[in-house]
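**Q** Have a look at this one before I ask anything.
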Ligand code: NAP
């Protein structure tokens, strides 16, 4: 149960770190407590050399990483120190490592409106790829204006849902290429509007929206509400080791993916890097593995 590097997180950042660290000759373990956000992305068109679903890409990465690292399907519940060792406690075991790479990504942000929690799984969803097929031929709203919301709206339209996007401003945040795909498919957008509450009896029947320009509420009859309003970084474990985070909770790293704690590195969406893409997560993972290797070499 003693390793050179423990990688916490099994998305593109963690898996790339595992491939690189393993190929440096380090003994590596990767912890997968829950599926990466990448597994829920319906399609990827901006990762060079690959076009397909996030799940497909992730499976290829896992297969490749398994050649160079061990994989534990265990959720990390605590991290600490024992002399020079980092101690990683999971829901079933305890491991020791000389260095740690946090690649813990993020989880979906909530709207925090009435009905959101109550109708989760009964019309409210945060994952179009997981739940979209239940809504074929039905009317759904996608909330948000970023890459995730626009990708989800396109996907839902493709599988036969009657989709409308709802955005709180009059301009989308998503990449221009995605916006063009959205408009090409004539997916309507309700601009300058936010969700006030989600209503129904057994399942979602309607959403009450607020038009910010007219300053009035209006009702849209719908079967489903897909919420895609961004991410919250998962960095509580790193904080237990004294790792510094920014005001939004992202782990502060330098250009070598080093945190303020010697031997602790971070990569991907949990870091305070400006661009959050699969390709940059992979880059972070490679750099973090290299920094871990340098750290262990000098030690
Ligand atoms: P994001 O880029 O942070 O966008 C979140 C969207 O939700 C924004 O449009 C924001 O509005 C809106 N929003 C936030 N809080 C809201 C609220 N309370 N009510 C209504 N709307 C709200 O998040 P994301 O789209 O999940 O993307 C996260 C990261 O992953 C991004 O860096 C993105 O580029 C990346 N990503 C990439 C791809 C891809 O390349 N294929 C796919 C998915 C995600 P405002 O615009 O007004 O702030």
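**Q** All but one of (1) surrounded by fewer than 23 Cβ atoms within 10 Å (Cβ to Cβ); (2) within 10 Å of the ligand (Cβ to nearest atom); (3) at positive phi hold for residue 121, so report the exception by its number.
**A** (2)
**Q** Let me ask another. Could you check the range 67-118 for strands (runs of 3 or more DSSP E) lying wholly inside it with 3 or more residues that are surrounded by fewer than 18 Cβ atoms within 10 Å (Cβ to Cβ) and on the phi < 0 side of the Ramachandran plot? Lay out the reasoning, then the answer.
**A** Details: elements: 70-72, 76-82, 85-90, 94-102, 106-108.
Per the criteria, 76-82, 85-90.
**Q** To continue, here is another question. For the range 1-33, which residues satisfy the criterion of being part of a loop (DSSP other than H, G, I, E, B) and surrounded by fewer than 21 Cβ atoms within 10 Å (Cβ to Cβ)?
**A** At the first step, the residues of the range 1-33 found to be part of a loop (DSSP other than H, G, I, E, B) are 1, 9-11, 24-27, 32-33.
1, 24, 25, 27, 32, 33, listed by residue number.
**Q** State all residues of the range 34-49 that are farther than 23 Å from residue 265 by Cα and surrounded by 13 or more Cβ atoms within 10 Å (Cβ to Cβ); if no residue qualifies, say none.
**A** At the first step, the residues of the range 34-49 found to be farther than 23 Å from residue 265 by Cα are 39-49.
Within the range 34-49, 39, 40, 41, 42, 43, 44, 46, 47 qualify.
**Q** Another question, then. Every residue in the range 133-185 that is in a helix (DSSP H, G or I), away from the ligand (no atom under 15 Å from the Cβ) and surrounded by 18 or more Cβ atoms within 10 Å (Cβ to Cβ), please.
**A** Within the range 133-185, the first condition is being in a helix (DSSP H, G or I), and the residues that meet it are 133-135, 147-158, 176-184.
Right, trim to away from the ligand (no atom under 15 Å from the Cβ) and you get 133-135, 157, 183-184.
Listed by number, the residues that qualify are 135, 157.
**Q** Being within 16 Å of the ligand (Cβ to nearest atom), assigned to a helix (DSSP H, G or I) and at pLDDT 95 or above, is that true of even one residue in the range 260-268? Lay out the reasoning, then the answer.
**A** We begin by selecting, within the range 260-268, every residue within 16 Å of the ligand (Cβ to nearest atom); these are 267-268.
Keeping just the survivors that are assigned to a helix (DSSP H, G or I) gives 268.
Filter once more, so that each one left must be at pLDDT 95 or above: 268.
Checking the range 260-268: at least one residue is within 16 Å of the ligand (Cβ to nearest atom), assigned to a helix (DSSP H, G or I) and at pLDDT 95 or above.
**Q** Given the residues 225, 220, 189, which is the only one that is within 13 Å of the ligand (Cβ to nearest atom) and either surrounded by fewer than 17 Cβ atoms within 10 Å (Cβ to Cβ) or more than 27 Å from residue 35 (Cα to Cα) (or both)? Show your work before the answer.
**A** Numbers: 225 fails: either surrounded by fewer than 17 Cβ atoms within 10 Å (Cβ to Cβ) or more than 27 Å from residue 35 (Cα to Cα) (or both); 220 fails: within 13 Å of the ligand (Cβ to nearest atom).
After ruling out the rest, the residue left standing is 189.
The values are calculated or read from the model by the stated rules, or taken from the named source; none is laboratory data. Here the structure is a predicted model, which is why all the values come from computation and not from measurement. Neighbour counts are summed over all protein chains in view; Cβ atoms, including those assigned to glycine, are modelled from backbone coordinates with ideal geometry.
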